[in-house]
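Comments concern the structure below.
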Amino acid sequence: MKNKKFSLSSVIIYILLIIWSLTTIYPIIWVIQNSFKGKDKILGDSFSLPLGEMFTMANYRKAFGSMNILGAYKNSIFISTVVAVTVLILAGMASFALVRYSFKLKGALQSLVIAGMMFPVFATVIPVCSMQTKWGIANTGSWGLTMLSVILPQVAGNLSFAIVVLTGFIKGLPVELEEAAFMEGCNAFQIFCKVVVPLTKPSFATVAIFSFLWSYNDLFTQMFYLRTQKMYGITVLLNRLTSQEGTNYGLMAAAVTLVVVPVVIVYIFLQKYIIKGMTAGAVKG
């Protein structure tokens, strides 16, 4: 009887999870299928599959023909990769120092890290832009400086989250391993690279993935700093495209698909690292 009850409860739980997942997945499927329809077909029948005469690639041809989609992907991937790598390096070393070292104002610094997660980017974008303009890296014609003007705010915006996650992992490591490495002649940097990093790979993977995806999806910061078409990221480019086309819902669906599908692919291949990292962090934190 107990086994039967357990089996029934499992079925109910799985049914509820399937229903919940469908409410999350179906909107993405709906957008993708409507990206293969003309705008007149979407208004008339937005829920049917794009089969037969209803199927068209015109939305994607227009998107790729109107603007440099591949160049925008290159810019987005470059920005997101640099942001993720920089956040890993800075947050990793900062977390190690906050956990293993005692110094004045350590408590205040930890409080500032937590406080950094409470300020939205909208509240800081004007003073940050003014500061970068004085430095000579914002609103210039240089591709490298323009990329840097986007990367710096995104790195700053991701650091607090990354430090909090990595600090929880490093606290869970046995300090005896680091003491043994120190006795073998390793300095602090070697201990961090050869002991801490290998043991906290799930947390570093989690931070890298989230930093990359948040940077890739960040429309607000990129719209503020990327002013010319050759420097657009994919989110900015497709936002400009859809705003120019007004109510062309087929083109809007294609634009959303071009932004979302790469993110979904990344998540599908890396979901084990995301889940493992977040679960381990919950246990050790």
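The values are calculated or read from the model by the stated rules, or taken from the named source; none is laboratory data. Remember, predicted model here, so these are calculated numbers, not experimental data. Reconstructed Cβ throughout: ideal geometry from the backbone, glycine too, with neighbour counts over all protein chains shown.
Just one of the listed residues (L199, L173) is surrounded by 13 or more Cβ atoms within 10 Å (Cβ to Cβ), out of contact with any helix residue (DSSP H, G or I) (no Cβ under 6 Å at 6 or more places or on another chain) and at pLDDT 85 or above, namely L199. The set of residues from the range 167-203 being more than 16 Å from L90 (Cβ to Cβ), under 27 Å from the mean Cα position of the chain (by Cα) and among the small types (G, A, S) comprises G168, G172.
Note on the range 82-120: among residues that are surrounded by 16 or more Cβ atoms within 10 Å (Cβ to Cβ) and of a type in the set (S, T, N, Q), the one that is nearest to the chain's Cα centre (by Cα) is T86. Among the residues of the range 33-49, is any surrounded by 17 or more Cβ atoms within 10 Å (Cβ to Cβ), closer than 19 Å to G233 by Cα and within 27 Å of the chain's Cα centre (by Cα)? Checking the range 33-49: not a single residue is surrounded by 17 or more Cβ atoms within 10 Å (Cβ to Cβ), closer than 19 Å to G233 by Cα and within 27 Å of the chain's Cα centre (by Cα). Here T279 fulfils each of the conditions (1) modelled with pLDDT of 85 or more; (2) in contact with a helix residue (DSSP H, G or I) (Cβ under 9 Å, 6 or more places away or on another chain) apart from (1).
Conditions tested, residue by residue: (1) farther than 28 Å from F210 by Cβ; (2) among the small types (G, A, S); (3) out of contact with any helix residue (DSSP H, G or I) (no Cβ under 8 Å at 6 or more places or on another chain).
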site	(1), (2), (3)
T23	no, no, yes
R61	yes, no, yes
G71	no, yes, no
K74	no, no, yes
I79	no, no, no
F96	no, no, no
Q110	no, no, no
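Among the residues of the range 142-170, just one is in contact (Cβ under 8 Å) with a residue 40 or more places away in the chain and either in contact with a Cys (Cβ under 7 Å, 6 or more places away or on another chain) or loosely packed, with under 15 Cβ neighbours inside 10 Å (or both), namely W143. Only one of the numbered conditions (1) more than 22 Å from L109 (Cα to Cα); (2) buried (at least 17 other Cβ atoms within 10 Å of the Cβ); (3) free of Cβ contacts under 8 Å to residues at least 60 places away in the same chain; (4) aromatic (F, W, Y) is violated by F182, and that is (2).
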